[in-house]
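Below is one structure; the comments refer to it alone.
Please treat every number below as a calculation from the coordinates, not as lab data. Owing to the predicted nature of the structure, the values given are computational and were not obtained by experimental measurement.
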Amino acid sequence: MSDSLERLYQAVIAAKDLDPGISRTARLFQRGPAKMAKKLAEEAIEVVIDTVNGKTEAVIRESADLLYNLTVLWASAGVRPEDVWREMERREHLLGIAEKLPKPAVKMPKAVATGIGRRPIVALAGRTQRKRH
């Protein structure tokens, strides 16, 4: 599998500077990381919806789209597939490959616990924020 993602990554790198009128990959690079992130999130949601609805074939198709969009975002961020595999290997040695590392259980200073000093939440480009009532 990692060989397939490496081939996909190399194809994404090769396509990023093509004509955006012809290449979806070049168009994503032209539009920037916010658009890439939005497309990745959309594909992830589609995978979730199709899984919940028991649509196995759709899950397969949408998962391929998800991996494509993840690879585009990696390339944009300067992340290579082997960087991710290295992290997976590191985690495997800690907990086993089928486990996600737990978040650190550190006590937050009072300022952080109250929201002071936290990173601001920002909307993705092109999204409008709705007022909450």
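Straight-line reach from K39: which aspartates and glutamates have a Cα under 13 Å away, not including same-chain ones fewer than 8 places off?
E62, D65
Taking only Cα atoms of the range 2-102, what ratio of Rg to Rh do you get with Rh as the Kirkwood inverse-distance radius?
1.02
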